[in-house]
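Data block below; observations after.
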Amino acid sequence: MKSARLNRGTFLELKEDSTATVQALTVLALAGASFGFGFAAAIGYNTIGILLGAVFGAVVSIALGIVWVSLTFLIGRSLFGGRSNYWSLARPVFFSTSPGLIFLIMSIPVSPIPDIARAIGVAWIAISTVIAVKSAMGLDTQRSLVIFIMVAFIVLLGYGFVASLLSAI
């Protein structure tokens, strides 16, 4: 709850708490499962499809979270002089996805509720991630925001590349 409230102190505590790594991965997986569940329900899948959506969402969110933190770590340390080790950054960033539980609201099949829930969830996670990076790496808000934008751009380029490869198959 404290990370969803954008509490900087919470992110600093998570940076230092090596016992919170499993919890951080769990929060990340729950946010992904919420998105997968909400998305599958919104497009009308049956119960099995919704459950598979939740599992797929959890797995993809962990993979994407690791890629995201790795890129953030490399860019933050090498270009902006951030001070953090990998897991001290990963824990706050993974916890910054806790607002993703709002994605469960996407399962309400009344337009435009799924779209609004998705937009709020993505924006809330983006803001939370910038604050987590700022706190964990000891950077100012502007540098943390630039890192976020750079990582988002790289991830979107990678997604486009993979999508184009898959469509060619």
Worksheet item: Using a 1.4 Å probe, how large is the accessible area of Val122, given in Å² and rounded to the nearest 10?
Response: 80
Item to complete: For the chain, give the percent of accessible area contributed by carbon and sulfur heavy atoms, probe 1.4 Å, rounded to a whole number.
Response: 74
Worksheet item: Based solely on its DSSP helices, what 222 nm [θ] is calculated for the chain when runs of n ≥ 4 H residues each add -39,500 (n - 2.57) and the sum is averaged over all residues, nearest 500 deg cm²/dmol?
Response: -26000 deg cm²/dmol
Worksheet item: Which one of Gly53, Gly82, Ser34 has its Cα pushed farthest toward the positive end of the charge dipole of segment 1-84, where Lys and Arg give +1 and Asp and Glu give -1 at the Cβ?
Response: Gly82
Discussion item. With a 1.4 Å probe and all protein chains kept in place, how much accessible area does Ile154 have, in Å² rounded to the nearest 10?
Written reply: 70
Practice prompt. For the chain, with a Gaussian network of springs between Cα atoms less than 10 Å apart, report the residue from Ile75, Ile147, Ile48 with the top mean-square fluctuation.
Written response: Ile48
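First check a/c for segment 73-169, with a ≥ b ≥ c the square roots of the eigenvalues of its C-alpha gyration tensor; if it is under 1.5, answer rounded, and if not, answer prolate when a/b is larger than b/c or oblate otherwise.
Details: a/c = 2.50, a/b = 1.35, b/c = 1.86.
It is oblate, given that a/c is not under 1.5 and a/b is not larger than b/c.
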Worksheet item: Per-residue accessible area for Arg118 at 1.4 Å probe radius, Å² rounded to 10?
Response: 80
Response to the item:
So the angle from the long Cα axis of helix 113-137 to the longest Cα principal axis of the chain, reported in degrees to the nearest 10, equals 20
Discussion item. For Phe103, Phe95, Phe39, Phe161, give me the order by solvent-accessible area with a 1.4 Å probe, most accessible first, ignoring ligands, DNA and RNA.
Written reply: Phe161, Phe39, Phe95, Phe103
Worksheet item: Angle between the Cα long axis of helix 47-78 and the longest principal axis of the chain, 0 to 90 degrees, nearest 10?
Response: 20
Worksheet item: For segment 1-153, what's the relative contact order in percent, using C-alpha pairs closer than 8 Å and at least 6 residues apart?
Response: 31
Worksheet item: With the other protein chains left in place, how much accessible area per residue, in square angstrom, belongs to the chain at a 1.4 angstrom probe?
Response: 55
Discussion item. On a 1.4 Å probe surface of the protein chains, which of Ser167, Ser61 comes out largest in accessible area, and what is the full order?
Written reply: Ser167, Ser61
Worksheet item: Which whole-Hz ³J(HN,Hα) couplings does segment 80-94 yield from phi under the Karplus relation 6.51 cos²θ - 1.76 cosθ + 1.60, θ = phi - 60°, glycine and proline marked x?
Response: 10, x, x, 10, 5, 9, 4, 6, 5, 8, 4, 4, x, 5, 5
Worksheet item: For helix 21-42, what angle does its Cα long axis make with the longest principal axis of the chain, in degrees from 0 to 90 and rounded to 10?
Response: 30
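The values are calculated or read from the model by the stated rules, or taken from the named source; none is laboratory data. Not measured: the values here are computed from a predicted model. No Cβ is skipped: glycine too gets one built from the backbone with ideal geometry, and neighbour counts run over all protein chains shown. Calculation scope for accessible area: heavy atoms of the full protein, side chains included, ligands and nucleic acids excluded. Shrake-Rupley method; radii C 1.70, N 1.55, O 1.52, S 1.80 Å.
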